[in-house]
């Protein structure tokens, strides 16, 4: 698994070899109405119809990278981040296309989320899921996103720690790796 906050166009190079033929898995995390239009325009500029073609072709990748600097700036100016998470695992293709197994299938998830961004998987069975920060250095947090996608669990997002504290009456199940400051009640944003 590989995760990174996409800050510069060149950061996309690390995610250029995903296998998903239908395009990447993309999520725009609940933006406020006043910035949603700007975020959608920026993400549309990045993830347009040519995205999959350019990302999969080393000859076309440089031209794609030349087009994404302004949209990345627009995402940052809106107080958000573009976050990429690539998983590798075995997948069995549908019978309609041969049903073969591919051992090292790569799927890339892209999220446009507030900075900072806290999240929790809303799963129906125990154990209770932890509240995580969208942090590429927390392996448990990064594992939760594809697991939630595979099992069709909902992800709940927050753009600050205060609403989480309020929801859980100051007893939130914070991850001790990516949210230690929040768990200890240390004020201020904890943005890796």
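Each value in this text was obtained by applying a stated rule to the coordinates, not by laboratory testing. The shown structure was predicted, so the numbers you read here are calculated from the model rather than taken from an experiment. No Cβ is skipped: glycine too gets one built from the backbone with ideal geometry, and neighbour counts run over all protein chains shown.
Observations on the structure shown:
- Relative contact order (%) - criterion: Cα under 8 Å, at least six apart; region: the chain: 22 percent
- Put a dot 7 Å past the Cα of residue 34, heading toward its Cβ, do the same for residue 186, and the two dots end up 3.1 nm apart.
- Footprinting exposure proxy for 105, 158 (fewest neighbouring C-beta atoms within 10 Å first): 105, 158
- As a rough footprinting exposure proxy, the listed residues 132, 149 were ranked by other beta carbons within 10 Å of their own, and the order from fewest upward is 149, 132.
- Placing a pseudo-label 7 Å from each Cα along the Cα-to-Cβ vector at residue 150 and residue 13 gives an inter-label distance of 3.1 nm.
- Each helix, a run of at least 4 DSSP H residues, gives -39500 (n - 2.57); summed and divided by the residues of the chain, these come to -8000 deg cm²/dmol at 222 nm.
- Cα centroid of the range 109-129 to Cα centroid of the range 130-192, whole Å: 7 Å
- One entry in [x] 21.7, 75; [y] 20.5, 65; [z] 17.6, 55 is Rg and Dmax of the Cα atoms in Å calculated from the shown coordinates; its label is [z].
- By the count of neighbouring beta-carbon atoms within 10 Å, fewest first, 73, 135, 34 end up ordered 34, 73, 135.
- Comparing 94, 136, 31 in a Gaussian network model of the chain where C-alpha atoms under 10 Å apart are linked, the largest mean-square fluctuation is found at 94.
- Choice from 102, 145, 35 showing the highest fluctuation, given a GNM over the chain with Cα pairs closer than 10 Å: 102
- Most mobile listed residue (95, 125, 144) in the chain, GNM with C-alpha springs under 10 Å: 95
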